[in-house]
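Colleague: Quick one: this structure, given as structure tokens, is what I'll be asking you about.
The values are calculated or read from the model by the stated rules, or taken from the named source; none is laboratory data. This is a predicted model, so every value here is computed, not measured. In this analysis, Cβ positions are derived from the backbone assuming ideal geometry, glycine residues included, and neighbour counts consider all displayed protein chains. SASA here: full protein model, heavy atoms, side chains in, ligands and nucleic acids out. Shrake-Rupley method; radii C 1.70, N 1.55, O 1.52, S 1.80 Å.
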Amino acid sequence: MAYGTSAQAATPLQAARLEMGWKQAQTIRALQQAAHDQGVTIASERSLKTMLSRWENGHDMPDALGKRLLCSVYGASPDELGLAGREAAVPLVPALSPAVGPDMAQYFRNVFIEHLRADNLMGPHHLVDVVRAQATLLDQMLPNARGTVRDELLMLAFRYNEFTGWLYQDAGNTDLAMRYTDRSMEYALEMGEARETSYVLMRKADIAADLDNPERVIGLSQAALRDSARVPARARALILRLRGRAYAQLGNAGECARALDAAHTEVLTSDAEPDGLTDYCTPSYIGMEAAISWTKLGRFDVAVSTFERSLPSWPAALRRDQGLCLARLANAYAGQGNTEKACETGRQAVDVIRAATSSRALSELQRVRVRLAPLRKHAEVSDLSDRIRNLFKPVA
């Protein structure tokens, strides 16, 4: 194979190329040959290089011809390549706003709690359209609200827009994730609360981390901690774990360790009551986040032991994140060279992720698949690869 076991795949399309052992130039030549064989005209080699990079990073989707040619050169279906379609979201804007009062605010509070439960159990894809529509409805209602009802709706608009941004992030659409997170920032600034403002800055840093922009993550984390005395401990822990991940991406193990140690200290010293915003930040969660950083640094032994300490105490209700944690542990085992444990844990991850799908978790499983690709003649590796591939196929 022309690539090492450290290869990382951001999308199923990129995973397909890496499994073939191809560089981008080889895929481009294969696309040109397929176009010639089919009697069609495609872009120049230079343009194809730019387009292929954007397709593989999930920043753009090929047109119908591009999808057909990619399926041809890789011998795979659009579903297997992650090209089955990604529809642009069209916000639902009601023509008239309903009457605004305390009962309406109570309704949105009650429904939001159920949305949080559903997200943890099922993942984002079943929820995002509904939550987005309700966030838009709150935007429409606010101009007609007054007094304490407006204060309540302002907080709800902040939460719904932030949550919509999170759902889009977990579904793999970082553009819409940032758009709705920016909208929630407007509400946080209007409320003037340090907790909400720092939390949204943390969420923006989290999206920047998904976009592989560690310098931006560090800048946003510094902004989020600017008024640290007014930021709750759990929120500080969430910010610091992102700073640790950014330094890991930059290869700075010392700064990474300092940030992660500080995050661990913050989450252990927190005695705050549940706030509905940062409750998911537990020692197990920070442990999983720390393990991600150690994996990025190639410290697989430390990553594995950290993951293994976090999983036994993982809250049962957070099923989606449990699947993500298992996928990341499988990746660390693969990096460690422990193929048996990587496959065993990968199968567990597939079972959980099938029930609670997350694009982040699916991307992590693709990374496992790519790491193990040189060993795919082994029965257990082949079996895991097939299970992962089947997650991208439509349910009959």
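Colleague: Over all alpha-carbon pairs in the range 197-313, figure out the percentage whose distance exceeds 20 Å.
Modeller: For the range 197-313, the share of Cα pairs beyond 20 Å comes to 36 percent.
Colleague: If one computes P(r) from the Cα atoms of the range 331-390, what percent of pairs lie at distances over 13 Å?
Modeller: 53
Colleague: What percentage of the solvent-accessible surface of the range 242-338, computed with a 1.4 Å probe over protein heavy atoms, is contributed by carbon and sulfur atoms?
Modeller: Roughly 50 percent, rounded to a whole number.
Colleague: Using a 1.4 angstrom probe on the protein heavy atoms only, line up His125, His115 by accessible area, largest first.
Modeller: Ranking His125, His115 by accessible area, largest first, yields His125, His115.
Colleague: Still on this model: In the range 7-63, what percent of the accessible surface is made up of carbon and sulfur (1.4 Å probe, ligands and nucleic acids excluded)?
Modeller: 50
Colleague: Hey, another quick one. In nm, to one decimal, how far is the modelled label at Asp103 from the one at Gln140, with both set 7 Å along Cα→Cβ?
Modeller: Here the modelled spin labels are 1.9 nm apart.
Colleague: Working out 0.36 nm times the residue gap between Leu375 and Ser53, then minus their Cα-Cα distance, what length gain in nm do you get to one decimal?
Modeller: Once the chain is fully extended between Leu375 and Ser53, it gains 113.3 nm.
Colleague: Based on alpha-carbon positions alone, could you give the equivalent ellipsoid semi-axes of the range 270-396 from the gyration tensor, as √(5λ), descending, whole Å?
Modeller: Values for the range 270-396, descending: 26, 18, 10 Å.
Colleague: At 7 Å along Cα-to-Cβ for each site, give me the label-to-label distance between Glu186 and Arg226 in nm.
Modeller: 2.0
Colleague: Now for a separate question. Hey, what number do you get for the chain at 222 nm if only DSSP H runs of n ≥ 4 count, each worth -39500 (n - 2.57), divided across all residues, to the nearest 500?
Modeller: Helix-only estimate at 222 nm: -22500 deg cm²/dmol.
Colleague: Can I ask one more? Once the whole set of protein chains is in place, how much accessible area is left on Lys23, using a 1.4 Å probe, in Å² to the nearest 10?
Modeller: 130
Colleague: Using a Förster distance of 45 angstrom, determine the FRET efficiency expected from the C-beta separation of Ala355 and Asp63, and round it to 0.05.
Modeller: Step by step, r from the Cβ atoms, then E = 0.85.
Colleague: So what's the angle, to the nearest 10 degrees on a 0 to 90 scale, between helix 64-74 and the longest Cα principal axis of the chain?
Modeller: Here the helix axis deviates by roughly 50 degrees.
Colleague: Could you provide, to the nearest whole Å², the per residue accessible area of the chain with probe 1.4 Å?
Modeller: Per residue, the chain has 45 Å² of solvent-accessible surface.
Colleague: Please name whichever of Leu384, Thr164, Ala194 sits farthest to the positive end of the charge dipole of the chain, dipole taken about the Cα centre and charges placed at Cβ: Lys and Arg +1, Asp and Glu -1.
Modeller: Going by the charge dipole, the pick is Leu384.
Colleague: Now for a separate question. Can you count the Lys pairs in the chain whose Cα atoms are under 18 Å apart, with each pair 8 or more apart or on different chains?
Modeller: For the chain, qualifying lysine pairs total 4.
Colleague: Using the 2.2 N^0.38 Å rule of thumb for compact globular proteins, work out how the range 87-221 stacks up: its C-alpha Rg over that value, please.
Modeller: 1.05
Colleague: A further question follows. For the range 124-196 and the range 290-366, what is the centre-to-centre distance using only Cα atoms, to the nearest Å?
Modeller: For the range 124-196 versus the range 290-366, the Cα centre distance is 30 Å.
Colleague: At a probe radius of 1.4 Å, what is the per-residue accessible area of His264, in Å² to the nearest 10?
Modeller: 80
Colleague: Once you sort the root eigenvalues of the Cα gyration tensor of the range 160-256 as a ≥ b ≥ c, which label holds: rounded (a/c under 1.5), prolate (a/b larger than b/c) or oblate (the other case)?
Modeller: In terms of gyration-tensor shape, oblate.
Colleague: Moving on to the next point. Output the 0 to 90 degree angle, nearest 10, between the alpha-carbon long axis of helix 214-224 and the longest principal axis computed from the alpha carbons of the chain.
Modeller: Its long axis makes an angle of about 10 degrees.
Colleague: What length, rounded to one decimal in nm, is gained on full extension from Glu255 through to Ser44, with 0.36 nm per residue of separation minus their alpha-carbon distance?
Modeller: 71.6 nm
Colleague: Taking only Cα atoms, what is the 0 to 90° angle, nearest 10, from helix 253-269's long axis to the longest principal axis of the chain?
Modeller: So the helix axis and the longest Cα principal axis differ by about 40 degrees.
Colleague: Okay, moving on. So for the range 157-216, Kirkwood radius off the Cα pairs, Stokes-Einstein at 37 °C and 0.692 mPa s: how many µm² s⁻¹?
Modeller: 294
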